[in-house]
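What follows is calculated from the coordinates using simple rules that are stated; it is not laboratory data. Computed from a predicted model, the values in this text were never measured in an experiment. Quick reminder, even Gly has a Cβ in these numbers, built from the backbone with ideal geometry, and neighbours come from all protein chains shown.
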Amino acid sequence: MSFTEDPGEEDRAPDMIGARALAIAESWIGTPYRHQGAKKGIGCDCIGLIRGIWRALYGDEPEPVPPYASDWAERGGEERLAAAAIRLCGPPLPLAKARSGDIVLFRWRPACAAKHAGILADEQHFIHAYEQSGVIRSALVPGWRRRIAAIHRLPPITAIEK
């Protein structure tokens, strides 16, 4: 994966959203892990981190998040996380188009649904809520990189109806 260094003029708005999303994600670092949580400094899981970033960028959450078990992806195998990302952010992007501030989804095994999410910080790091550590910045080592299921770009502010 290589990040785009100089986006074209038509891509400047997503870059601004990406920079804001990354700054917001960095402000969550140190938040403890709490399953289904979504409160900065109090507790969140990976979905809660993305929800918190969305609220900071756009105001309200776009849709209610139904309760889910910590093993929700293994149980039904439904691609609920990937489907929500497509619904809210559009189709996934090629890895070569990844930029700081993009949402990254991970799949633990090829036959399982995507079940983890974070925000790309740079070509080598991402920010996520990890059960053992809370919200942290992690290296995008081969073990994480090979589990990338999708990259999604947050929509421009003007694309979200208030």
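Listed values, structure above:
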quantity	calculated
Sorted by Cβ neighbour density within 10 Å, fewest at the top, the residues 126, 106	106, 126
Length-normalised contact order of the range 42-162 in % [C-alpha pairs under 8 Å, at least 6 apart]	31
Distance between modelled label sites at residue 71 and residue 130, nm, 7 Å Cα→Cβ extension	2.3
Relative exposure of 158, 31, judged by other C-beta atoms within 10 Å (fewest first)	158, 31
Cα gyration tensor shape for the range 123-162, rounded if a/c is under 1.5, else prolate or oblate	prolate
Computed [θ] at 222 nm, helices only, for the chain once each DSSP H run of length n ≥ 4 contributes -39500 (n - 2.57)	-9000 deg cm²/dmol
Contour minus Cα-Cα distance for residue 26 and residue 78 (0.36 nm per residue)	15.7 nm
Rounded if a/c under 1.5, otherwise prolate or oblate - the chain, Cα gyration tensor axes	rounded
Residue 16-residue 146 FRET efficiency (beta carbon distance; Förster radius 41 Å; 0.05 resolution)	0.85
